[in-house]
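Here the structure comes first, spelled out in structure tokens, and everything after it is commentary.
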Amino acid sequence: MRLAGAGALAGVLAAALALPAVGGAGTLVVAASEELNLSPVDLPEPPLAEKTTVLDAEGNRIAQFYEEYREVVPLSAVSEVMKTAIISIEDYRFYEHGPIDIEGTIRALAKNLASGQVSQGGSTITQQYVKQVLLNTAVTEKEKNKALEASYARKLKELRHAMAVEQKYTKDEILEKYLNIAYFGARANGIEAAAKRFFGVSAAELDLAQAATLAGAVQLPNSTDPEGGRDNRRRLLERRNVVLDRMAELGKITPQEAERAKARKLGYKGTPLPGGCESSPYPYFCMYVRHEILNNPSFGKTEESRARFLNRGGLTIETTLDRRMQAAAERAIRKRVHVSDIPVAAQALVQPGTGMIKAMAASRTYGNSARRNEISYNVVADVAHGGGIGFQAGSTFKTFTLIAALKEGMRLDDGLSAGAGYRAPGYATFKNCKGQNIGDPTHTVTNDEGSGGFKTLRTGTWDSVNTFFLALEERVGLCDTVRTARSLGIKRADGEPLKEFQTFTLGINEMDPVTVATAYAAIGARGKYCAPMAITRIVDRDGRATDYRPECRQALDPEVADATADILSGVFTKGTMRHVGGIGRDAAGKTGTTDDHATAWFAGFTPDLAGAVSIGDPRGSTEHKLRGVTIGGRYYGAVFGGDIPGPIWRDTMMAALRGVRATPFHPVNSARFGGCGTGCGSSRPMNGDGAERPDGAEGPPDGEENVSEGTETGQGGESGPGGSP
């Protein structure tokens with residue numbers, strides 16, 4: 001019956017299209033006879049662009065990404081009055097006619113021929129659905145314009161597709177598809193998104209006035225977009241009332257119901273669209289997840305295709321974020337660094353043995369405005385994940401020299417003498433991993449506290465003695481230290497190669513908290529390094545799931561990791577964190593303060609959780625040092641790693657691990673690492689000229705570590721003769 005109607009229409013169309021357009025030179029005449037072929041043509045229907053939802057580890061939504069804000073819903077999830085309203089105004093005989101409404105089409109043709117242009121469409125809901133599919137499929141502007149052009153050729157193409165659609169689907173299925181694809185204005189695509197955006201309710205909850213408003217908006221979504229101002233809202237109100245009158249005219253509602261609905265105000269709420277990292281409660285973690293997709297070729301050959309996959313794919317992304325641990329990190333930061341402070345504190349928490357990122361927090365609000373308390377990049381991560389150039393990591397890098405020494409057979413109480421100053425004996429003293437001489441005998445590195453003398457691996461680490469670690473790096477080899485760091489995932493935040501100068505051990509490379517926390521997590525996992533991991537599963541729009549597992553490898557001998565943890569645990573009781581204290585369970589870590597207090601760090605771990613905290617001035621830490629600054633309402637003459645980062649780490653860990661059963665460190669193999677082998681000497685604390693310190697203390701006063709820990713030029717040898725091969 002439907003095809004017979006289409007056949008009858010073909011004659012009408014043929015006759016009409018053979019006539020020249022009034023007022024033109026036959027511009028609307030379709031010359032190609034094959035265009036009049038009204039046989040059905042299958043309509044390619046690629047999936048609609050749908051929002052992608054990001055979930056935390058417990059399944060709570062934390063972010064959404066979308067190119068078009070849309071939530072596809074079944075017809076059963078749309079209120080009956082909404083279905084009635086849209087059919088009444090757009091295609092009141094929808095359930096009665098076939099793919100083409102012959103009466104409406106003939107009426108439209110007559111008007112078009114009289115006006116000399118395609119001024120009236122006579123389109124059915126099926127035809128409108130076809131038009132929206134073609135428009136959504138278009139990629140280039142040329143394709144989009146073709147999908148919207150005012151021509152009989154386009155109309156005939158839509159008619160043929162409409163015939164195929166009506167053969168393929170039921171009327172209810174077509175209505176469902178149309179309601180999900182239609183654009184309603186205010187950046188809301190589909191009925192569910194429109195209901196939430198306009199009125200803050202679901203499509204199932206729409207009442208008469210609300211349904212009439214959305215039904216009225218569909219015809220002219222741009223000129224009735226309520227976000228466009230007063231005139232647009234007036235037009236939308238008028239369109240709503242037209243719909244109500246039409247519904248009453250068709251007997252779908254009573255005149256009294258129409259009048260009561262017309263008496264109501266527009267009621268537009270403008271509910272914020274939930275999407276993007278700016279609107280996420282965890283923006284830094286959100287950015288990390290987003291860049292994990294954008295940087296991974298398995299999600300598309302180009303970044304553009306990967307962005308489409310993320311923003312249009314209707315994915316559900318399950319992640320590693322732990323809300324409780326995230327809250328602990330945020331509270332600890334807020335306690336000591338205010339959002340209005342210029343220096344920025346950032347922290348990452350990583351699970352040893354999996355590499356799962358459990359939290360990413362910072363003192364500044366993420367955003368792109370010019371307000372002082374906002375920062376527009378991911379200060380917790382590297383450039384590849386939306387971050388900046390990072391901050392020099394300071395003495396946290398001494399740990400890699402310590403590990404290299406243990407790997408080469410040194411014992412816990414082996415040591416060497418270190419003076420108050422260190423100067424490389426010659427250019428060949430240090431060689432980078434290319435075998436080039438990079439020693440700088442013209443520059444002297446000092447200990448601000450003057451704590452030289454004989455130091456063991458333990459006491460040298462606890463006191464964080466610069467000269468000791470330079471001498472130790474000279475002994476074990478710069479390249480071995482660099483290789484050790486690389487084996488634990490250490491790479492520069494800006495993506496550039498690591499700078500391999502003699503002051504590598506003093507932390508001259510700019511780092512990000514995620515990378516440093518992951519390296520320290522490997523020590524806590526007895527040498528098992530696992531790459532940072534944020535995504536555990538991705539479920540596509542069709543329910544197909546892809547699981548992601550930790551990518552791990554054994555980077556260190558477990559016994560070397562045990563010995564490292566044993567030494568670093570003394571930092572809390574005998575070293576630069578003794579004034580802060582421990583966390584009530586086995587823990588180890590290292591403070592970091594860079595040259596002249598440019599930045600400050602603390603990195604530490606337990607077998608259950610690792611974390612790294614940095615603080616620095618995002619305007620440029622070299623020019624804006626942490627000296628004579630007020631942070632968190634407290635004045636600091638100079639900021640050390642144990643002043644702000646250390647306490648933040650301690651408070652975070654105590655709260656994040658509350659209720660988590662404590663896992664102890666594995667005991668040190670005393671037969672391998674106990675006592676001392678070669679290089680034994682007095683382990684009593686010494687001052688810079690070799691005399692014992694009268695107070696018997698093992699570190700600088702007040703637990704402050706030694707500084708003067710290296711810059712990229714003066715101590716790194718980059719601009720001096722030591723930088724030459």
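Could you do me a favour and compute the accessible area per residue for region 279-437, 1.4 Å probe, result in Å²?
Counting only protein heavy atoms, the per-residue value for region 279-437 is 37 Å².
Please give the peptides 413-419, 84-90 ranked by average Cβ packing (other Cβ atoms within 10 Å per residue), highest first, as a rough proxy for protection.
In decreasing order of mean packing, 413-419, 84-90 become 84-90, 413-419.
What is the extension gain from R627 to N145, computed as 0.36 nm multiplied by their sequence separation minus the C-alpha to C-alpha distance, in nm to one decimal?
This chain segment gains 167.5 nm when fully extended.
Rounded, prolate or oblate: pick one for region 46-101, where a ≥ b ≥ c are the square roots of the eigenvalues of its C-alpha gyration tensor, a/c under 1.5 means rounded, and failing that, prolate if a/b is larger than b/c, else oblate.
Since a/c reaches 1.5 and a/b is larger than b/c, the shape of region 46-101 is classed as prolate.
Between K262 and K168, what FRET efficiency comes out of the Förster formula 1/(1 + (r/R0)^6) with R0 = 60 Å and r the beta carbon distance, rounded to 0.05?
Plugging the Cβ-Cβ distance into 1/(1 + (r/R0)^6) gives 0.95.
At q = 0.14, 0.21, 0.27 Å⁻¹, work out log10 I(q)/I(0) for region 595-674 with the Debye formula, treating every Cα as an identical point scatterer and leaving solvent out; two decimals please.
Rounded to two decimals, the profile gives -0.62, -0.93, -1.24.
Rank-order 203-214, 654-665, 395-406 by packing density, defined as the average count of other C-beta atoms within 10 Å over each peptide's residues, highest first.
Listed from highest to lowest mean packing, they are 395-406, 203-214, 654-665.
Would any residue of region 65-79 have its amide N under 19 Å from a label point 7 Å out along Cα→Cβ of E45? List them or say none.
Taking a point 7 Å out along Cα→Cβ of E45, the residues of region 65-79 whose backbone N falls under 19 Å are 70-78.
What fraction, in whole percent, of alpha-carbon pairs in region 271-316 exceed 16 Å separation?
Here the long-distance tail beyond 16 Å is 42 percent of all Cα pairs in region 271-316.
Leaving out ligands, DNA and RNA, what percent of the accessible area of region 336-495 is carbon and sulfur, probe 1.4 Å?
Roughly 48 percent, rounded to a whole number.
What accessible area, in Å² to the nearest ten, does a 1.4 Å probe give for E559?
Surface open to solvent at E559 totals about 60 Å².
Just how large is the dipole of region 538-692 about the Cα centre, in debye to the nearest 20, putting +1 at every Lys and Arg Cβ and -1 at every Asp and Glu Cβ?
380
Let me see the pair-distance distribution of region 489-635: every alpha carbon pair, 5 Å bin width, integer percents in order.
Spelled out per bin, shortest first, that is 2, 8, 14, 18, 18, 15, 11, 7, 4, 2, 1, 0.
Apply 1/(1 + (r/R0)^6) to the Cβ-Cβ distance of Q219 and R324, taking R0 = 41 Å, and write down the FRET efficiency to the nearest 0.05.
Using R0 = 41 Å, I get an efficiency of 0.25.
How large is the Kirkwood hydrodynamic radius of region 146-293, in angstrom, based on all distinct alpha carbon pairs?
17.7
Among residues other than L416 whose Cβ falls under 10 Å from its Cβ, what is the net charge (Lys/Arg +1, Asp/Glu -1)?
With Lys, Arg at +1 and Asp, Glu at -1, the neighbours total 0.
Could you compute how fast region 246-301 diffuses translationally, taking Rh as the Kirkwood radius over C-alpha pairs and applying Stokes-Einstein at 20 °C with viscosity 1.002 mPa s? Give it in µm² per second.
134
Shape call for region 440-545 from the C-alpha gyration tensor, a ≥ b ≥ c root eigenvalues: rounded (a/c under 1.5), prolate (a/b greater than b/c) or oblate?
prolate
Would you mind getting me the FRET efficiency between T302 and V242? Use the beta-carbon distance for r and R0 = 51 Å, nearest 0.05.
Efficiency for this residue pair is about 0.65.
Calculate the radius of gyration of the Cα atoms of region 441-503 to one decimal place, then report Dmax, the largest Cα-Cα distance, as a whole number, both in Å.
Considering region 441-503 through its Cα atoms, Rg and Dmax are 13.4, 38 Å.
The values are calculated or read from the model by the stated rules, or taken from the named source; none is laboratory data. As the structure is a computational prediction, the values presented were derived from the model and not from experiment. Cβ coordinates were reconstructed from backbone atoms using ideal geometry, including for glycine residues, and neighbour counts include every protein chain displayed. Note: accessible area is taken over every heavy atom of the protein model, side chains too, but ligands, DNA and RNA are not part of it. Shrake-Rupley method; radii C 1.70, N 1.55, O 1.52, S 1.80 Å.
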